Amino acid sequence: MNYPHNRISTTRPGDDEAGIEVTQAFERFVQRDDIFTRAMWDDTVRNKKSDAFFASYRIEAAPRRGDGFGTRDFALRNASWLVSDMVTNRHVAEGRREGFQATISYDTPVAQEKLEIDDPAAMAGEIKRVAKFFGADLCGITEIDERWLYASSVDVRDMSEAPLGLPEGLNSVIVLGHEMDEELVATYPSALAGAATGREYSHEAAIVMQVAAYIRNLGYEAVSSMNDTGLVIPYALKAGLGEYARNQLVITPQFGPRLRFSKIFTNLPLTHDMAKPLGVRAFCDICTKCADACPVNALPYGPPEVGGANRSAIKGVRKWTSDAEKCFSFWAAQASDCAICMRVCPFNRDFRRLRHRLWLKLALSRFRRFALWLDRNRGKRVKPSQWWKRAVS
């Protein structure tokens, strides 16, 4: 069955502050066209290397020679994905790959008795405290915007389109940020570095399910979501967590681009956060470190443009858009994920440290060129073997 690919051309309040520009050519994204999903059905993407990429996460592909791609590197990376994989695969026989192609099933019912809430602002603060208690590093709240919901989901039994299946009446999205390990990110590209990604997918799977269970225990709907159901980056931008960058990542004032995001769709009465433009766009206008470092030239130069030529690009949004096919080809070739663009990003810093906060003030000011010059020697790859040596010592 074909599902409608809704065209939406109207802008929304807060778009300008979030740096979002939707044009008349906009179409909601079809999840089946995601590059990782295409690698399961599209012969223009799927090949022996892509099959080996997925197999490597099941220890079915032999580690290859090279620092960061040995047995223990793959072992740590795959172990880091364990909790996420358990959640993802528990309903595969029913056509649901939860957290990636489908929302995460309820593990607790919605309580029959609702907690009466007369102060949505206070409840928003409570949710942020609960999210922090369970382990989220960031939390922002925004309204549901159907532009960023997928036009359809995926039935993984035959890779056909399927309905999203969200309950009626949901009006808010809680966006959670999960910091990736700085030392592991410094070793990209390597299988070892992939443990930074897998660990946060496992963390976010547990955290997003626990926060959602808390909300359902209050008597309200709460749907846990990771990569499924909708594009998380626009929601993170509208929730005021950061700004969009040339490397296709959200730059946050706390951790730069070094985060994974998850989300919860809910009808819990909550006030919404506002986007907070700081000046990342102006910095990215003069910085091309990520594009220069990309080994397959998948990242764009120049100003943001209306994307959509690549099947895996969202249509009708003016932004920096990567070539997903080139990007994934490199992932498949090395049998692990790549985040060189994250590693070399000048914002890839720990802003809890004073010297990095001072650099941030420069980068977001008219002295941004000086800040870029100060960053000229940062972002170099650390040998994965050094990470293991530190672990031993």
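For the structure I just gave you, tell me whether Ile233 is under 12 Å from the mean Cα position of the chain (by Cα) and part of a helix (DSSP H, G or I).
Here the answer is yes, as Ile233 does meet what is asked.
Between Gly256, Gly177, Gly198, which is small (Gly, Ala, Ser), touching a Cys at 6+ places or on another chain (Cβ under 8 Å) and at negative phi?
Gly177
Here's a check for you: in segment 20-51, which residue that is in a loop (DSSP other than H, G, I, E, B) and aliphatic (A, V, I, L, M) is nearest to the chain's Cα centre (by Cα)?
Here the answer is Ile20.
Do the conditions hold for Tyr57, that is, is it under 28 Å from Leu149 (Cα atoms) and surrounded by 14 or more Cβ atoms within 10 Å (Cβ to Cβ)?
Judged against the criteria, Tyr57 is not a match.
Tally the residues that are in contact (Cβ under 8 Å) with a residue 40 or more places away in the chain and out of contact with any Ser or Thr (no Cβ under 7 Å at 6 or more places or on another chain), restricting the search to segment 233-245.
Looking only at that region, the number is 7.
Among residues belonging to segment 171-188 that are assigned to a loop (DSSP other than H, G, I, E, B) and touching a Lys or Arg at 6+ places or on another chain (Cβ under 8 Å), point out the one that is surrounded by the fewest Cβ atoms within 10 Å (Cβ to Cβ).
Step by step, filter segment 171-188, then rank; the result is Asp181.
Would you confirm whether any residue within segment 72-94 is of a type in the set (Gly, Ala, Ser) and not in a helix (DSSP H, G or I)?
Start the filter on segment 72-94 by keeping residues that are of a type in the set (Gly, Ala, Ser), which leaves 75, 79-80, 84, 93.
Next, from what is left, pick out any that are not in a helix (DSSP H, G or I): none.
No: segment 72-94 contains no residue that is of a type in the set (Gly, Ala, Ser) and not in a helix (DSSP H, G or I).
Pairs please, first residue from segment 66-82 and closer than 26 Å to Ala205 by Cβ and touching a residue at least 12 places away in the same chain (Cβ under 8 Å), second anywhere and in a loop (DSSP other than H, G, I, E, B) and aromatic (Phe, Trp, Tyr), Cβ atoms under 6 Å, 6+ apart in sequence or on different chains.
Every condition considered, the pairs that remain are Asn78/Tyr57.
Residue by residue, here is whether (1) surrounded by 18 or more Cβ atoms within 10 Å (Cβ to Cβ); (2) part of a loop (DSSP other than H, G, I, E, B) holds:
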| site | (1), (2) |
| --- | --- |
| Asp285 | no, no |
| Cys290 | yes, no |
| Ala298 | yes, yes |
| Pro303 | no, yes |
| Trp331 | yes, no |
| Arg343 | yes, no |
| Pro346 | yes, yes |
| Asp350 | no, yes |
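Has segment 311-327 got at least one residue that is among the polar types (S, T, N, Q) and assigned to a helix (DSSP H, G or I)?
Taking every residue of segment 311-327 in turn, none turns out to be among the polar types (S, T, N, Q) and assigned to a helix (DSSP H, G or I).
Leu372 is checked against (1) modelled with pLDDT of 95 or more; (2) within 20 Å of the chain's Cα centre (by Cα) and fails just one. What number does that condition carry?
(2)
Would you mind finding the one in Ala131, Ala151, Ala136 that is buried (at least 22 other Cβ atoms within 10 Å of the Cβ) and in contact with a His (Cβ under 9 Å, 6 or more places away or on another chain)?
Checking each option against the conditions leaves just Ala136.
With respect to Asn348, is the statement that it is among the polar types (S, T, N, Q) and closer than 16 Å to Cys284 by Cβ true?
yes
The values are calculated or read from the model by the stated rules, or taken from the named source; none is laboratory data. These figures come from a predicted structure and were not determined experimentally. Please note: Cβ atoms are built from the backbone with ideal geometry, for glycine as well, and neighbour counts cover all protein chains shown.
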